[in-house]
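For reference, the structure is listed below as structure tokens.
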Amino acid sequence: MKNTYLLQFICIFAITISQAQESKSNLLIGTFTKNCESKGIYVYEFDSNTGDLSFKNSTEGILNPGYLTISKDNKFVYSVGENDKKSTVNAFNFESKSGILSFINSEFSNGQNGCYIINDDKNIITANYSSGNISVFDKNSDGSIAQSKQLVQHTGKSINEKRQDAPHAHMVYFSPDMKYVLANDLGTDKVYVYQYDKNSEATNLVLKSTIDLKPGSGPRHLIFSNNGKFVYVLQELDGTITSFSYAKGVLKKVSEVTVIASDFKGDIGAADIHISPDGQFLYATNRGTANDISVFKIEKSGKLDFVQRTSTLGKGPRNFAIDPTGNFLLVGHHYSNNIVIFKRDKTTGTLTDTGKKVELCAPVCLVFTKI
């Protein structure tokens with residue numbers, strides 16, 4: 001009888017430990033380092049049961065690692081290093097349990113002010129805002145970065161003289177099947193669709209088509225629906241979200257909504273866009289003078305139905321992330337130097353303030369990964 005009770009206790013204890021471990025994930029945060037005190041990239045442990053963040057580790061002396069990407073095996077982290085003509089791409093070993101990031105190497109980005117970065121098992125690709133181009137780098141077997149092997153230059157401009165006097169590549173993003181790379185260009189009001197050959201020695205990206213968006217809209221970020229059938233493009237300058245159907249690299253417009261309230265008067269600065277883990281809701285932030293986040297229900301047709309618009313409780317909500325369980329949404333504020341944690345209602349998609357936040361210099365990229 002005692003052995004039976006002991007066995008039951010051991011089983012319950014093991015299940016409890018397992019559930020506790022499953023509720024934990026790492027949150028990696030890229031920051032801007034020039035205007036406040038920052039060490040570069042920070043690693044926190046996040047508890048999806050409580051919404052608590054606990055500091056684990058950080059880099060030292062990494063300049064403006066504004067955007068991050070993590071290798072599929074969770075062993076390497078890559079960041080841009082925004083520094084005008086001296087901009088870099090950086091590689092780090094990553095120990096997920098301790099959160100330790102160890103610098104491997106750095107290469108010049110072959111472009112100015114990289115603002116987005118992606119990777120697969122062969123390559124690292126950056127969108128370079130100020131120079132309006134895309135750089136492709138070989139990834140070595142030890143995780144280090146080789147010199148840039150392809151540079152794709154965008155050309156053109158659009159109607160906003162202050163923001164669109166030249167091309168400004170703002171995002172690169174793999175299609176779900178990894179056969180295409182989509183690139184938003186804020187300066188030309190276009191989405192570029194590139195055929196992607198990861199094994200090519202020099203021409204990984206070959207232009208397939210371009211999609212014209214409304215003049216002056218400024219496409220910034222995009223996201224695929226969880227089933228891969230739709231693409232949602234967020235436009236920074238006018239706050240529009242354009243929905244497209246997607247199949248084999250072909251985008252066809254479905255509908256449009258806006259993150260701007262009908263009575264809003266002020267500066268628009270739409271920033272980031274993500275979809276909940278269950279694929280039911282889409283979220284998008286707006287900076288400028290609004291500093292809010294909009295929630296939309298995703299219909300089967302790909303159309304978006306407005307649900308909620310609420311303050312992000314900070315200034316400059318440049319980037320946000322939803323934790324892997326979908327319980328919480330965390331917003332990084334570029335200008336008020338903090339991360340605000342919201343509770344998500346999984347049924348309605350709505351957000352409520354938890355009262356929890358973390359003070360941190362200019363957090364501009366939040367990425368969850370497993371421990």
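For the range 31-54, the candidate set comprises residues that are surrounded by fewer than 16 Cβ atoms within 10 Å (Cβ to Cβ) and either among the aliphatic types (A, V, I, L, M) or without any contact (Cβ under 8 Å) to a residue 40 or more places away in the chain (or both); within that set, the residue that is nearest to ASN133 (Cα to Cα) is LYS34.
For the range 296-328, filtered to residues that are outside any loop (DSSP other than H, G, I, E, B) and either of a type in the set (Ser, Thr, Tyr) or free of Cβ contacts under 8 Å to residues at least 40 places away in the same chain (or both), the residue that is nearest to LEU251 (Cα to Cα) is ASP305.
Return yes or no: is THR369 of a type in the set (Ser, Thr, Tyr), within 29 Å of SER98 (Cβ to Cβ), touching a strand residue (DSSP E or B) at 6+ places or on another chain (Cβ under 8 Å) and surrounded by fewer than 22 Cβ atoms within 10 Å (Cβ to Cβ)?
Answer is yes for this residue.
Residues in the range 55-98 that are charged (D, E, K, R) and either within 20 Å of ILE134 (Cβ to Cβ) or surrounded by 24 or more Cβ atoms within 10 Å (Cβ to Cβ) (or both): GLU82, ASP84, LYS85, LYS86.
Per the listing PHE264, PHE244, the residue uniquely over 17 Å from LYS303 (Cα atoms) and among the aromatic types (Phe, Trp, Tyr) is PHE264.
Condition check ((1) out of contact with any His (no Cβ under 7 Å at 6 or more places or on another chain); (2) acidic (Asp, Glu); (3) more than 17 Å from ILE223 (Cβ to Cβ)) across all residues:
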site: GLN280; (1), (2), (3): yes, no, no
site: THR289; (1), (2), (3): yes, no, yes
site: ILE293; (1), (2), (3): yes, no, no
site: PRO317; (1), (2), (3): no, no, no
site: PRO324; (1), (2), (3): yes, no, no
site: ASN338; (1), (2), (3): yes, no, yes
site: LEU351; (1), (2), (3): yes, no, yes
site: GLU359; (1), (2), (3): yes, yes, yes
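On the given criteria, is LYS97 at pLDDT below 95, among the basic types (Lys, Arg), closer than 23 Å to LEU360 by Cβ and outside any strand (DSSP E or B)? Taking the combined requirement at face value, the residue does not satisfy it. Consider the range 79-114 and keep the residues that are of a type in the set (D, E, K, R) and in contact (Cβ under 8 Å) with a residue 12 or more places away in the chain. The one that is nearest to GLU60 (Cα to Cα) is GLU82.
Under the condition of being in a loop (DSSP other than H, G, I, E, B) and more than 19 Å from the chain's Cα centre (by Cα), which residue from the range 329-364 is farthest from ASP47 (Cα to Cα)? Residue satisfying both the conditions and the ranking: SER336.
This table checks each residue for (1) of a type in the set (Val, Ile, Thr); (2) surrounded by fewer than 22 Cβ atoms within 10 Å (Cβ to Cβ); (3) in contact with an Asp or Glu (Cβ under 7 Å, 6 or more places away or on another chain); (4) not in a loop (DSSP other than H, G, I, E, B).
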{"site": "ASP165", "(1), (2), (3), (4)": "no, yes, no, no"}
{"site": "LEU182", "(1), (2), (3), (4)": "no, no, no, yes"}
{"site": "GLY187", "(1), (2), (3), (4)": "no, no, no, no"}
{"site": "THR203", "(1), (2), (3), (4)": "yes, yes, no, no"}
{"site": "LEU207", "(1), (2), (3), (4)": "no, yes, no, yes"}
{"site": "PRO215", "(1), (2), (3), (4)": "no, yes, yes, no"}
{"site": "THR242", "(1), (2), (3), (4)": "yes, no, yes, yes"}
{"site": "GLU256", "(1), (2), (3), (4)": "no, yes, no, yes"}
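Between ASP120, ASP47, ASP84, ASP52, the distinction of being acidic (Asp, Glu), within 18 Å of the chain's Cα centre (by Cα) and either at pLDDT 95 or above or within 30 Å of GLY355 (Cβ to Cβ) (or both) belongs to ASP120 only. Among the conditions (1) in contact (Cβ under 8 Å) with a residue 12 or more places away in the chain; (2) more than 29 Å from SER98 (Cα to Cα), the only one that ARG344 does not satisfy is (2). Within the range 271-295, the set of residues being touching a residue at least 24 places away in the same chain (Cβ under 8 Å) and among the β-branched types (Val, Ile, Thr) comprises ILE273, ILE275, THR285, ILE293, VAL295.
The single condition from (1) over 30 Å from SER54 (Cβ atoms); (2) touching a Ser or Thr at 6+ places or on another chain (Cβ under 8 Å); (3) not aromatic (Phe, Trp, Tyr); (4) not in a strand (DSSP E or B) that PRO176 fails is (2). Could we say that GLY228 is surrounded by fewer than 20 Cβ atoms within 10 Å (Cβ to Cβ) and either farther than 25 Å from ASN128 by Cα or not hydrophobic (A, V, I, L, M, F, W, C) (or both) here? Taking the combined requirement at face value, the residue satisfies it. Filtered by the rule that a residue be surrounded by fewer than 23 Cβ atoms within 10 Å (Cβ to Cβ) and hydrophobic (A, V, I, L, M, F, W, C), the range 104-144 gives ILE104, PHE108, ILE118.
Filter the range 55-78 down to the residues that are assigned to a strand (DSSP E or B) and free of Cβ contacts under 8 Å to residues at least 60 places away in the same chain, then identify the one that is nearest to ASN119 (Cα to Cα). So, considering only residues that are assigned to a strand (DSSP E or B) and free of Cβ contacts under 8 Å to residues at least 60 places away in the same chain, the one nearest to ASN119 (Cα to Cα) is VAL77.
The values are calculated or read from the model by the stated rules, or taken from the named source; none is laboratory data. This is a predicted model, so every value here is computed, not measured. We place every Cβ from the backbone using ideal geometry, glycine too, and count neighbours over all the protein chains shown.
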